[in-house]
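Peer 1: Before we start, here is the structure in question, set down as structure tokens.
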Amino acid sequence: GWCPLPPAGAQTTQLLVEPPWRPAVMWDWVTLTCQGSGTAGATTWYKDEQRWGQNRRDHFTVTESGTYVCDRPSSGVSPSLRVLNDRLVLQVPARTLLEGDMVTLRCRV
């Protein structure tokens, strides 16, 4: 596949989104940040399963809808994040949610 596997025992790479809602929507001026061990300048970005042009930067503002992941050599590939350009979106907080958690949902138009 297109995503290399992280080394055994390595810290996990995270893809942070600001503002912190999922799915992200382009009209929020979304910033993605790749967080993991190793040098920030070694970040590789993928959009829709293809290597993408923001390579070597650890953060950027999204200008295209799609599904993004980042890869840091020392900590591997992040979970994916969808950025939509839809006119109606139901969002949840961009954090780990567990059964029983109280959750605020946002309906965005």
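No value in this document is a laboratory result; all are computed from the given coordinates. Treat the numbers as computed from the prediction; the structure is a model and nothing was measured. With ideal geometry, Cβ positions are generated from the backbone for all residues, glycine too; neighbour counts draw on all protein chains shown.
Peer 1: What distance in nm lies between label points placed 7 Å from Cα along the C-beta direction at residue 31 and residue 67?
Peer 2: Those two pseudo-labels are separated by 2.7 nm.
Peer 1: Want the number for residue 103 to residue 56: 0.36 nm per residue separation, take away the alpha-carbon distance, what's left?
Peer 2: 13.4 nm
Peer 1: Now, a different point. Can you compute 3J(HN,Hα) from phi for each residue in the stretch 89-96, using the Karplus curve 6.51 cos²θ - 1.76 cosθ + 1.60 with θ = phi - 60°, rounded to whole Hz and x for Gly and Pro?
Peer 2: Result, ordered by residue: 9, 9, 10, 10, x, 7, 8, 5 Hz.
Peer 1: If you take the square roots of the eigenvalues of the alpha-carbon gyration tensor of the chain and sort them as a ≥ b ≥ c, do you get rounded (a/c under 1.5), prolate (a/b over b/c) or oblate?
Peer 2: In terms of gyration-tensor shape, oblate.
Peer 1: Scan around residue 24 for amide H atoms under 5 Å from its own, H built in the peptide plane at 1.01 Å from N, and keep only partners 5 or more places away or cross-chain.
Peer 2: Residues meeting the criterion, in which the H sits 1.01 Å from N, are 82, 84.
Peer 1: What list of ³J(HN,Hα) couplings, whole Hz, do you get for the stretch 74-80 from phi and the Karplus terms 6.51, -1.76, 1.60, once you set θ to phi - 60° and write x for glycine and proline?
Peer 2: 7, 10, x, 9, 7, x, 7
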